[in-house]
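Derivation of every value follows stated rules applied to the coordinates shown; laboratory data play no part. Predicted, not measured: the structure shown is a model, and the values here were computed from it. Cβ: placed from backbone, ideal geometry, glycine included. Neighbour counts: every protein chain shown.
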Amino acid sequence: MRFSSQGLMLGLLAPLAALLLAAGAAAPQAWARGERPGLFDYYVLAMSWSPTFCQEKGFRRRDPQCLPGRMKGFVLHGLWPQFRRGWPAECRGARRFVPDAVIREVLDVMPSKGLVIHEWRKHGTCSGLSPRGYFTLAERLFRMVRVPLAYERPNQALKRTPEQIRREFADANRERGFTKDGFAVICTGKGRGQALLREVRVCFTPTGRPSRCGANERRAQCRARLVVVPPVR
Ligand code: U2P
């Protein structure tokens, strides 16, 4: 069954948006463009590990989030309405513009204006919410996820299996109602060799309660034997 979230409560800099767009373009076509806003099965909250983003290409070192002493750990990549298979994108009839005040309010957790606007147009327009409602929900869910202690500004690289990362997140969030099935680990590369942590994705119902993830996350799940989590410097 699909839910409607209508009536529900209420720069990562430009280079990241470009990277993410490129990644999206390379992925198998799983979007349905122009769907009706508010019709979807669940949300996935994508939490990006900023040090991996900073490490991947030298030019990003000019990005404020990549400057020594100002680096961050997890940042908010997006909140994506999902179908059980695939996801809606660029939905019809929603507003195109995100007010400046809304952008300023979310920059603390989503540190790129370009990314905020991109995420609204691609995913937020499918939420059935206003820009303010959508980013308020995204920030609330992002802050609701407790990051395990080991990931709070580690000064040395961590090494984990994808399964260990999911278990650490589930343990840290058990009393909030999450289980391991509500988390997915996304890494660089597609193989079984060593990889870097790119994201932790967390699944929610359309009303913002913890949920199991779906086929989209199972397909994207990291297959590496070992995941390196670069330090926050
Ligand atoms: O994974 C690469 C990019 O594809 C988009 N994506 C992926 C999984 C999913 O469930 N939903 C989804 O939208 C993301 O594109 P972006 O929002 O960054 O443009 C993701 O980065």
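Starting with the highest mean, order 103-109, 79-85 by the number of other Cβ atoms within 10 Å, averaged over the residues of each peptide.
Descending packing order for the listed peptides: 79-85, 103-109.
To make sure I understand, if each residue's beta carbon is the centre and we count other beta carbons within 10 Å, what order do 121, 62 fall in, fewest to most?
Ascending Cβ contact count within 10 Å gives the list 62, 121.
Would you calculate the separation in nanometres between label points at residue 233 and residue 140, each defined as 7 Å from the Cα along the Cα-to-beta-carbon direction?
Label-label distance for residue 233 and residue 140, simple model: 3.9 nm.
Would you work out the relative contact order for region 181-233, in percent, from Cα pairs under 8 angstrom that are 6 or more residues apart?
45 percent
Near residue 190, which lysines are there with a Cα under 19 Å away, not counting those fewer than 8 places off in the same chain?
Excluding near neighbours in sequence, the set is 57, 159.
If you rank 127, 112 by fewest surrounding Cβ atoms within 10 Å, what's the result?
Least crowded to most crowded, the residues run 112, 127.
Quickly rank 208-218, 39-49 as a protection proxy: mean count of other C-beta atoms within 10 Å, highest first.
Peptide ranking by packing, descending: 39-49, 208-218.
Based on the mean of other Cβ atoms within 10 Å per residue, sort peptides 130-142, 161-173 so the most packed one is first.
The densest-packed peptide leads the list: 130-142, 161-173.
Of 110, 144, how do they rank once you tally other Cβ atoms within 10 Å and put the fewest first?
144, 110
Could you go through region 143-149 in sequence order and give the Karplus-derived ³J(HN,Hα) for each residue, using 6.51 cos²θ - 1.76 cosθ + 1.60 with θ = phi - 60°, rounded to whole Hz, and x for Gly and Pro?
Result, ordered by residue: 6, 6, 6, 7, 7, x, 3 Hz.
Please list, ordered by chain and number, the residues whose modelled amide H lies under 5 Å from the amide H of residue 198; skip anything fewer than 5 residues away on the same chain.
Correct list: 186, 187, 188.
At a threshold of 8 angstrom on Cα-Cα distance, excluding pairs fewer than six apart, so keeping six or more, what relative contact order does region 60-208 reach in percent?
18 percent
Explain nothing, just compute: Karplus ³J(HN,Hα) = 6.51 cos²θ - 1.76 cosθ + 1.60, θ = phi - 60°, for every residue of region 107-112 in order, whole Hz, x for Gly and Pro.
Rounded to whole hertz, the list is 4, 4, 9, 10, x, 7.
Return the sequence-ordered ³J(HN,Hα) values of region 116-131 in whole Hz as given by the Karplus equation 6.51 cos²θ - 1.76 cosθ + 1.60 applied to θ = phi - 60°, using x for Gly and Pro.
Per residue, the Karplus-derived 3J(HN,Hα) values read 4, 5, 4, 5, 4, 5, 7, 10, x, 4, 8, 7, x, 9, 6, x Hz.
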